[in-house]
Amino acid sequence: MALYPTDIRHQEFSSAMLGYSKKEVKEYLESLASQVEEYQSVQELEIQRRELMQIEVRQEAAQAGTAVEELKRREELISRTLVFAEKTKADILSNARKEAENIIHEAELKAKRAIQEAKQYLGVLEQQYLHLKEEKRQFLMQFKSELNTFMDRIDKDPLLTKPVEQLSDSDFKQIKEEINPKRKPPEGDNQIS
């Protein structure tokens with residue numbers, strides 16, 4: 001698959017949790033596109049060199065003496081250009097590999113940091129959970145104790161025991177009768193005269 005600088009510049013990647021920084025990827029793609037443009041320029045120079053060589057060979061055939069010397073000079077220049085192009089290509093590839101390794105290493109470090117932070121947060125949540133659980137247990141124990149105390153008081157209340165309640169009822173009736181005695185009508189009042 002041939003790579004063109006415009007393809008590299010417009011390449012899109014899907015997003016993923018803890019993925020790469022879009023800005024860094026775009027910067028890397030821009031750098032790579034520039035380097036590919038340089039490499040293509042070198043290739044175009046090579047194509048042009050070959051075309052020039054063909055033209056020069058024809059001209060040299062006509063001008064044999066000085067043409068051979070000129071061809072050697074140009075060939076040396078082209079040879080140096082090719083060596084430079086190969087060196088540039090190797091440098092570009094080496095730099096691209098190093099940059100890719102750096103991006104991957106940085107992403108791994110970020111992922112490790114995120115995992116560590118998540119573990120710490122989970123530890124804090126666990127401590128809070130245990131603390132709340134203990135508070136609930138203590139509250140329930142205290143509440144149960146207070147309920148038991150109230151139940152004991154209710155069980156000991158004299159109104160809930162039948163004999164005491166009946167005694168209280170009879171005492172109340174007796175006091176009521178003493179305060180409001182029932183009057184019996186005199187015997188003579190009942191007779192009709």
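If contacts are Cα pairs under 8 angstrom and at least 6 residues apart, what is the relative contact order of the stretch 1-156 in percent?
Values: 38 pairs, mean separation 38.7, N = 156.
Value for the stretch 1-156: 25 percent.
Out of every Cα pair in the stretch 1-119, what percent are spaced more than 21 Å from each other?
Working: 4073 of 7021 pairs.
Tail fraction, whole percent: 58.
In Å³ and rounded to a whole number, note down the convex hull volume per residue for the Cα atoms of the stretch 91-140.
On the way: hull volume 1.3 nm³, N = 50.
Considering the Cα atoms of the stretch 91-140, their hull volume per residue is 27 Å³.
Residue-wise, which Karplus ³J(HN,Hα) couplings in Hz belong to the stretch 51-58, taking 6.51 cos²θ - 1.76 cosθ + 1.60, θ = phi - 60°, and x for glycine or proline?
4, 4, 4, 5, 4, 5, 4, 5
For the cross-link pairs Lys22/Lys98; Lys22/Lys87; Lys26/Lys119; Lys23/Lys98; Lys112/Lys133; Lys23/Lys110, which exceed 23 Å when the distance is taken from alpha carbon to alpha carbon? Display every interim value, and only then the final one.
On the way: Lys22/Lys98 18 Å; Lys22/Lys87 30 Å; Lys26/Lys119 32 Å; Lys23/Lys98 18 Å; Lys112/Lys133 31 Å; Lys23/Lys110 15 Å.
Result: Lys22/Lys87; Lys26/Lys119; Lys112/Lys133 exceed 23 Å.
How long is the gain from Asp155 to Leu140 if the chain were fully straight, where each residue apart is worth 0.36 nm and the alpha carbon distance is subtracted?
That works out to 3.2 nm of additional length.
Return the FRET efficiency for the residue pair Lys72, Gln40: r is the Cβ-Cβ distance, R0 is 25 Å, and the value is rounded to the nearest 0.05. If you can, show how the numbers build up before the last one.
Details: r = 28 Å, r/R0 = 1.13.
After rounding, the FRET efficiency stands at 0.35.
Quick note: the coordinates plus some simple rules give every number you see, no bench work behind them. Since this is a predicted model, take the numbers as computed values, not measurements. In this analysis, Cβ positions are derived from the backbone assuming ideal geometry, glycine residues included, and neighbour counts consider all displayed protein chains.
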